[in-house]
Structures are given as C-alpha cells and as structure tokens.
Amino acid sequence: MIVGGVLADWIKGPVDRLPGDLVDGIRRHRQVDVFTDGHPMTAVSRGRLRDRWGRYSGILVDLAYDVCLAATWDRFGRGRLGDFIQGTYSVLERSISGLPKPACDVARYMIAEDWLTSYGGWDGVATALSRITRRLRRPVNLTGAVEDLKRLESELSGDFVRFYPDLAATCSERGNP
C-alpha cells in the first residue's frame, strides 16, 4: 500500500488493472490530496503564495508541508524519520518489478537520489521544483519560489501544525496509517 501512496503522483488515470495493494495506496493518496486541497489551513497557506505563484501555490504548499513534517516528525511521526524513509525505500525496491514503467523509473530515481530525505530541507525542495518545472507544459521557473517559502517558513509551519492533526484524524478514521 505504501508504494501506491508514494508513487501515486506518477500513476495517472484509471488504476483498476494494477495490483490491489498498489491501487489501495493510490486511492488513499488521492483521498488525502482531496482532503488537503479542501482544508481551510491549506487554503490559508496557498493564499500566502497566490499573488506571486498563482495556480502553482498548491504545489509549493505541498512541498513546504513536507519540510514542516520533517521538522515536526518527533511530534507527528512514528519512530525515527530516517528509519521510516529507509523502510519506504526497502518496500519500493521489492516492488519495482511490478510497477508501470513511469512509476518504476521514478522509484529508481527516488531511491538513488534519496528524494524523501531531501524533501526535509529547502535545497531538496529547490531540486524538486526544478524537476517539476521541467515537466510543466507552460514555461514557469518554480525554483525561485524557494526564497518565498523560506521567507514564509514560520507562517507555513504554523498553518501545517494546525492542519496536520486534522489530516491524521481523517486518515485514522478511514483506516489509513
């Protein structure tokens, strides 16, 4: 299930023909995305960035919240963050052969370049934004957003701390870890 959750953003369209655990993870990830996008605190966070970054403010908030989660892992996570990341990579490695090609490629890069650890800091966010920028249809350089995220770090962190318990409670109610 964790594989589908981690790779859901790279698996597009209907998922019914994929293995069950992968499908469950993708569907849960998509439910989390819907909940997150509709939450009042993420709307506040997006509003902090909307004037300059418009439609991309949601992407920026997602990445900023990754930094916030890493910073507050002792409060919200289970066990050590490094152990969680290594466990996730182990599951990905065991699952690679059964993944659709785009997700398989992403999983290999994710592990080799240690994306999950890198999302805990602004340099990693800049690298992620560079990758995202290359995939966009419209030419927008999102790497400049890192300075705005750093400047707003305290406010975004406050938003995250108010948002995350609601997300955790909703996931728990739905049987998500």
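For the range 110-124, the condition holds for no residue, the condition being that it is farther than 22 Å from Ala70 by Cα and of a type in the set (A, V, I, L, M, F, W, C). Select from the range 1-48 the residues that are exposed (fewer than 15 other Cβ atoms within 10 Å of the Cβ), within 30 Å of Asp148 (Cβ to Cβ) and of a type in the set (Lys, Arg) and list them in ascending order. Listed by number, the list holds a single entry, Lys12.
Applying the selection to the range 92-116, what residues are without any contact (Cβ under 8 Å) to a residue 40 or more places away in the chain and either among the acidic types (Asp, Glu) or exposed (fewer than 14 other Cβ atoms within 10 Å of the Cβ) (or both)? Glu93, Arg94, Ser97, Lys101, Asp105, Tyr109, Ala112, Glu113, Asp114 - these are the residues of the range 92-116 that are without any contact (Cβ under 8 Å) to a residue 40 or more places away in the chain and either among the acidic types (Asp, Glu) or exposed (fewer than 14 other Cβ atoms within 10 Å of the Cβ) (or both). Here the helices (runs of 4 or more DSSP H) wholly within the range 14-91 that include at least 3 residues being within 24 Å of Ala103 (Cβ to Cβ) and either free of Cβ contacts under 8 Å to residues at least 60 places away in the same chain or in contact with a Lys or Arg (Cβ under 9 Å, 6 or more places away or on another chain) (or both) are 20-38, 57-71. Here the range 133-152 is the region considered, the condition is being of a type in the set (A, V, I, L, M, F, W, C) and surrounded by 14 or more Cβ atoms within 10 Å (Cβ to Cβ), and the residue that is farthest from Asp74 (Cα to Cα) is Val140.
For the range 29-47, residues that are touching a helix residue (DSSP H, G or I) at 6+ places or on another chain (Cβ under 6 Å) and of a type outside the set (Ser, Thr, Tyr) total 6.
The residues in the range 140-176 that are more than 18 Å from Asp51 (Cα to Cα), in a loop (DSSP other than H, G, I, E, B) and free of Cβ contacts under 8 Å to residues at least 24 places away in the same chain can be counted, and the count is 1. The combined condition, being out of contact with any strand residue (DSSP E or B) (no Cβ under 8 Å at 6 or more places or on another chain), surrounded by fewer than 16 Cβ atoms within 10 Å (Cβ to Cβ), at pLDDT below 95 and hydroxyl-bearing (Ser, Thr, Tyr), is fulfilled by Ser130.
For Val91, indicate whether it is among the hydrophobic types (A, V, I, L, M, F, W, C), at pLDDT below 95 and more than 30 Å from Asp16 (Cβ to Cβ). It is false that Val91 is among the hydrophobic types (A, V, I, L, M, F, W, C), at pLDDT below 95 and more than 30 Å from Asp16 (Cβ to Cβ). Restricting the range 153-177 to residues that are surrounded by fewer than 18 Cβ atoms within 10 Å (Cβ to Cβ) and of a type in the set (A, V, I, L, M), the residue that is farthest from the chain's Cα centre (by Cα) is Ala169.
The values are calculated or read from the model by the stated rules, or taken from the named source; none is laboratory data. What you see is a predicted model, and the numbers here were worked out from it, not measured in a lab. For neighbour counting, all protein chains shown are included, and Cβ atoms are generated from backbone atoms with ideal geometry for every residue, glycine included.
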